[in-house]
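All of the numbers you see were taken from the coordinates with simple rules; none came from a lab. Nothing here was measured: the structure is a model prediction, and the numbers come from that model. Every residue, glycine as well, gets a Cβ built from its backbone with ideal geometry; the counts of neighbours run over all protein chains shown.
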Amino acid sequence: MKGKIRRKIINKARMSARFELENADDNFDFDQNDDVDDCLDLHGYTKSEALSVLDDFINFALENNFNKVRVITGIGIDNYSVLKGVVMDYLSDRDIKFTQSSQNRGGNGAFDVYL
């Protein structure tokens, strides 16, 4: 199930693993030349919430044979983002390859994750 879509987490309070499909909107604009299969935006999440949602998202992507996804953390305050560290630690612990997204795809505030 590849496509230019993004996931909207529903039932955030319970940190449910359920995702709702929606068309890409102004919050994240997929470029026709962008090769990501899906995207997760962690803006507004606490560390524990972000870790739970990230785990659900990565497992979902693996189950659906996605090759590359993008995780947006934001650049934080004074270029320091708590969520960047959470994402990097999680991916490193699971031996999942990742790189910082190119500048026009999120730059310091996003990671491309290779599954």
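Can you pull the one-decimal nm distance between simple spin-label points at ASN59 and LYS47, each 7 Å off the Cα toward Cβ?
Taking the two extended label points, one gets 2.2 nm.
Which FRET efficiency, nearest 0.05, do ASN108 and ASP35 yield, Cβ-Cβ r, R0 22 Å?
Once the sixth-power term is evaluated, E becomes 0.65.
Roughly how many nanometres apart are two label points built 7 Å out from the Cα toward the Cβ at LYS68 and MET88?
Reported label-point gap for LYS68 and MET88 is 2.1 nm.
Skipping prolines and chain starts, which residues have an amide H placed within reach, meaning under 5 Å, of the one on CYS39, given they are 5 or more residues away or on another chain?
ARG7, ARG70
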